[in-house]
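Peer 1: Before I ask anything, let me first share the structure, which is written out below as structure tokens.
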Amino acid sequence: MAGNSRRQGAIRKPGTKKGQVVGSGGQRRKALEGKGPTPKAEDRPGHKAYRAAQASKRRDEQRTKKADKPELIAGRNPVVEALRADVPAVALYVALNIELDDRVNEAVRLAGDKGISILEIPREELDRKTNRAMHQGLGLQVPPFEYVHPDDLMAVARDSGQTPLFVALDGVTDPRNLGAVIRSAAAFGAQGVLLPERRSAGMTAVAWRTSAGTAAKLPIAVATNLTRQLKAWANEGLMIVGLDADGSVDIDELSLAADPLVVVLGSEGRGLSRLVRETCDATVSIPMAAGVESLNASVAAGVLLAEVARRRRIAGRV
């Protein structure tokens, strides 16, 4: 039995002929077996089609990443102003038994003309929907805003047949400033507005209202990294011009105005961030009377964009 036990557990050593032999365990046979059908090109990491599919997926995610939650505009004046400005809305909430006045009547009439649902609800429910804001019996439901990818702005510019002109915001966190910038961008021929994913105002109801409805006509994109996106546009031939109080050129000397252009606006307090400023081909300042520290970001944007539009008309590059 001892001999049998020895034979069962033995492993052949180099130079011997007795005992069990360590085999491949079937590994050679498995190595010869097929691994199934070849994956599609878009499913193989490293393949060009795979990279294109991943880029498309990131673009789709980007379009929804920064989408704001549905928002309720509260108050009689704000609701009427939003409806006058063609802010997209899905429902007008009217509290039961509220006292009617011209603003309530106008809100109901405008909502009806635009095909917006008009719902009468108890005041307690409207209190809850507005987080107990001073709603005065009226609330307007605004849907989430749909942003586009920065690549879509270039497509819009190409399709327009005009010289590209984009406006990028660097740290503008006031939605009223954002709305006013969008309004100026649309008025002076820009094909789109670019926002950074972080440290930026989004398209809230306040921004919608301030834009006077132009946000529905002008595509607004979100960049994961603003500096990286500006560099990508620079590689496509666009000139990057930052608006800065200590700019390298005066607005009257902006020779780049007629070129494919991105106008970058910084926050009112800090101005342009360091990395964005270093990315700019030029920084431009607006001359002002002594004693005036700075202009509101949206006002400064309007001044610069008006000058760009004027120079483009002269150069025939509109």
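The values are calculated or read from the model by the stated rules, or taken from the named source; none is laboratory data. Treat the numbers as computed from the prediction; the structure is a model and nothing was measured. As a convention, Cβ positions derive from the backbone with ideal geometry for all residues, glycine included, and neighbour counts pool all protein chains shown. Each accessible area value is taken on the protein alone, full model and side chains, heavy atoms only, with ligands, DNA and RNA left out. Shrake-Rupley method; radii C 1.70, N 1.55, O 1.52, S 1.80 Å.
Peer 1: State which residue is least open to solvent (accessible area, probe 1.4 Å) when the search covers only region 144-159 and only residues that are charged (D, E, K, R) and in a helix (DSSP H, G or I).
Peer 2: Asp152
Peer 1: May I pose another question? Would you mind finding the one in Arg123, Arg128 that is open to solvent by 80 Å² or more (accessible area, probe 1.4 Å), over 23 Å from Ala215 (Cβ atoms) and touching a residue at least 24 places away in the same chain (Cβ under 8 Å)?
Peer 2: Arg123
Peer 1: Name the pairs: first residue in region 90-112 and closer than 11 Å to Leu138 by Cβ and charged (D, E, K, R), second residue outside any loop (DSSP other than H, G, I, E, B) and open to solvent by less than 50 Å² (accessible area, probe 1.4 Å), Cβ to Cβ under 8 Å, at least 6 apart or on different chains?
Peer 2: Asp101/Arg76; Arg103/Arg76; Arg103/Val79; Arg103/Val80; Arg103/Leu138; Glu106/Val80; Glu106/Leu83
Peer 1: Those residues that are more than 20 Å from Pro144 (Cβ to Cβ), touching a residue at least 12 places away in the same chain (Cβ under 8 Å) and open to solvent by 40 Å² or more (accessible area, probe 1.4 Å), I need them from region 214-231; list them, please.
Peer 2: Answer for region 214-231, where residues must be more than 20 Å from Pro144 (Cβ to Cβ), touching a residue at least 12 places away in the same chain (Cβ under 8 Å) and open to solvent by 40 Å² or more (accessible area, probe 1.4 Å): Asn225, Lys231.
Peer 1: Now for a different question. Report the residue count in region 232-241 for those that are in a strand (DSSP E or B) and open to solvent by less than 40 Å² (accessible area, probe 1.4 Å). Before you say what the answer is, go through the steps one by one.
Peer 2: Here is the first cut: in region 232-241, the residues in a strand (DSSP E or B) are 239-241.
When the remaining residues are screened for being open to solvent by less than 40 Å² (accessible area, probe 1.4 Å), the result is 240-241.
Looking only at that region, the number is 2.
Peer 1: Hey, could you check region 180-199 for residues that are within 14 Å of Pro150 (Cβ to Cβ) and touching a Ser or Thr at 6+ places or on another chain (Cβ under 7 Å) and say which is least open to solvent (accessible area, probe 1.4 Å)?
Peer 2: Filtering first and then ranking leaves Gln191.
Peer 1: Cβ-Cβ below 7 Å, separation at least six or inter-chain, first residue in region 157-174 and of a type in the set (Gly, Ala, Ser), second assigned to a helix (DSSP H, G or I) and open to solvent by less than 10 Å² (accessible area, probe 1.4 Å): which pairs?
Peer 2: Qualifying pairs under 7 Å: Ala168/Leu230.
Peer 1: Taking region 242-259, which residues are part of a loop (DSSP other than H, G, I, E, B) and open to solvent by 40 Å² or more (accessible area, probe 1.4 Å)? I'd like the intermediate steps shown before the answer.
Peer 2: Keep residues of region 242-259 that are part of a loop (DSSP other than H, G, I, E, B), which gives 244-248, 254, 259.
Once the filter is applied, which keeps residues that are part of a loop (DSSP other than H, G, I, E, B) and open to solvent by 40 Å² or more (accessible area, probe 1.4 Å), region 242-259 yields Ala245, Asp246, Ser248, Asp259.
Peer 1: Related question: If we scan region 206-213, do we find a residue that is at pLDDT 95 or above, outside any loop (DSSP other than H, G, I, E, B) and either touching a His at 6+ places or on another chain (Cβ under 9 Å) or surrounded by 20 or more Cβ atoms within 10 Å (Cβ to Cβ) (or both)?
Peer 2: No, the conditions are met nowhere in region 206-213.
Peer 1: Of all residues in region 131-143 being among the aliphatic types (A, V, I, L, M) and open to solvent by less than 30 Å² (accessible area, probe 1.4 Å), which is modelled with the lowest pLDDT?
Peer 2: If we take residues in region 131-143 being among the aliphatic types (A, V, I, L, M) and open to solvent by less than 30 Å² (accessible area, probe 1.4 Å), then Val142 is modelled with the lowest pLDDT.
Peer 1: Looking only at region 206-247, count how many residues are touching a Phe, Trp or Tyr at 6+ places or on another chain (Cβ under 8 Å) and within 24 Å of Asp259 (Cβ to Cβ).
Peer 2: Here the count works out to 5.
Peer 1: Tell me which residues, restricted to region 260-285, are open to solvent by 50 Å² or more (accessible area, probe 1.4 Å) and modelled with pLDDT of 90 or more.
Peer 2: Arg274, Leu275, Arg277, Glu278, Asp281
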